[in-house]
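The values are calculated or read from the model by the stated rules, or taken from the named source; none is laboratory data. Just so it is clear, the structure is predicted and the values come from calculations on it, not from any experiment. Note that each Cβ is placed from the backbone with ideal geometry, even for glycine, and that neighbours are counted across all protein chains shown. Note: areas computed on protein heavy atoms with side chains; ligands, DNA, RNA excluded. Shrake-Rupley method; radii C 1.70, N 1.55, O 1.52, S 1.80 Å.
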Amino acid sequence: GSAAVENLLMIKDAVKFFGQDKVAVGVDTIDNKVATRGWTKTSSIELDELLKELYQIGIKHIIYTDISKDGMMQGPDFEGLEKALSFEKFSIIASGGVSSLEDIKKLLTYDISGAIIGKALYNGALDLKQVIATMNSCKNEDIQS
């Protein structure tokens, strides 16, 4: 993520060397601004601006995190996720804030590739077996409708 802000040439080179399908860029935001350096600095670059640049250089995979939500157990940043999804060409993994089965169900309504669940599993707010059962249940509902 820091390289996407500070050294876009490195990202371009990675795409050329490894190929579009093998490079994922972490896009960490706070208040719609891109964070860098392990979340210790906030750039002046807005989410939309960075996504446009990444799209132009051929990035296909994004790991999107709103750092104000990460570990807070208050639900994901659905608004930011929707911005990222508006580019349609990105495969997105949502990260940060997932804390309930309702969050999982809502995430499943979005066209995302996956979600990272950390603290909620670690502290027992979510049970992995329940998460998997919920995901399977929602997928089965989609298939039947």
Considering only residues of the stretch 1-31 that are among the polar types (S, T, N, Q) and surrounded by 15 or more Cβ atoms within 10 Å (Cβ to Cβ), which is modelled with the highest pLDDT?
Thr29
Of the candidates Lys129, Lys89, the one satisfying the condition of being at pLDDT 90 or above and not polar (S, T, N, Q) is Lys129
For the stretch 109-126, which residues satisfy the criterion of being open to solvent by less than 60 Å² (accessible area, probe 1.4 Å), within 16 Å of the chain's Cα centre (by Cα) and modelled with pLDDT of 85 or more?
Tyr110, Ile112, Gly114, Ala115, Ile117
